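Every number in this text was worked out from the coordinates using simple rules, so none of it is lab data. Given the structure is predicted, the values throughout are model-derived calculations rather than measurements. Positions of Cβ are generated from backbone atoms using ideal geometry, with glycine treated the same way; all protein chains shown enter the neighbour counts.
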Amino acid sequence: MWVRAALTYRMSFAISTLANVAVTFLDFVTVLLMFSHIETLGGFGLAEVALLYGTASMALGLADLLLGNVERVGGRIRDGSLDVLLVRPVSVFVQVAADRFALRRVGRVLQAGAVLGWALPRVDVVWTPGNVLLLVVTLVSGAVIFGAIFTLGSAFQFWAQDAAQVQNAFTYGGGALLQYPPTIFARELVRGATFVVPLAFVNWLPALRLLGREDPLGLPGWVDFLSPLVAAVLSGLAALVWRSAVRSYRSTGS
């Protein structure tokens, strides 16, 4: 329904989508401005940073497009409109994710794809079938990881009632973090992004494998291939927490 509504006014949809592309591209303009004054950032060249940027933005863009609206659940909890969703014979999670679905968010995905397409032939990587498969698995797993974090943050709002900005710190903030090499951050931050909130599995670890770079934490090489497993475990955890949160819901009392 929301897609049909968006496409009713095609010119408006095209303009809003292009505006979304332009706004998200400003992030990469920042990277280009930095590299107009430096040759490397944390030992990474422009094409390598563009690879990190493209994979992180693509994963976040896909998760945001499909599940970004779950962060609105806090508003529904406060005004009691979540009650309406509970009496429908459809999953509450699906309804919340589909509510006000914004197809224009595909602009972030298109912009990330353009940057990634520019970076891939310029990085020093031999694109064997194994490396191509690792890249595809990285993008899919990264999107699932971000989707799980969206879900966990939204579930937390059942208890906190207004924690969308806390959630954004790990989703959009995490996406911004992963756009840059892990070598420029403190080791403690990299550890936290690996073992506490496993954002490093979105793109840092697989990208280091593709680029032939050393892991700043000195982890075993097989860890670079764990993104699908981390995505599956995090998704299972998110599903359990979401179901527990919905069961604990007691309406607004009004």
Handout entry: Extreme residue, positive dipole direction of the chain, given options S251, T171, F185 (C-beta unit charges)
Key = S251
Exercise for the section: Would you be so kind as to identify all helices of the chain, as entire DSSP H runs, whose Cα atoms reach 27 Å or more along the helix's own axis and whose mean Kyte-Doolittle hydropathy is at least -0.5? Expected result: 10-35, 46-67, 129-160, 227-248
Exercise for the section: Can you tell me how much longer the chain between A239 and V84 gets when fully stretched, taken as 0.36 nm per residue apart minus their C-alpha distance, in nm with one decimal? Expected result: 53.7 nm
Exercise for the section: Mind ranking 215-225, 112-122, 80-90 by how tightly packed they are, going by the mean number of other C-beta atoms within 10 angstrom, highest first? Expected result: 112-122, 215-225, 80-90
Practice task
Calculate, for L18 and Q165, the FRET efficiency according to 1/(1 + (r/R0)^6) with r their C-beta to C-beta distance and R0 35 Å; round to the nearest 0.05.
Solution key: 0.80
Completion exercise
Sorted by chain and number, the residues with a modelled amide H under 5 Å from that of V202, at a separation of 5 or more or across chains, are none
Practice task
Rounding to the nearest 20 debye, state how big the charge dipole of the chain is about its Cα centre with +1 on each Lys and Arg Cβ and -1 on each Asp and Glu Cβ.
Solution key: 840 debye
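Quick check on the exposure proxy: order D99, D79 from fewest to most C-beta atoms within 10 angstrom.
D79, D99
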Handout entry: Burial ranking of peptide ranges 142-151, 65-74, 230-239 (average Cβ count within 10 Å, highest at the top)
Key = 142-151, 65-74, 230-239
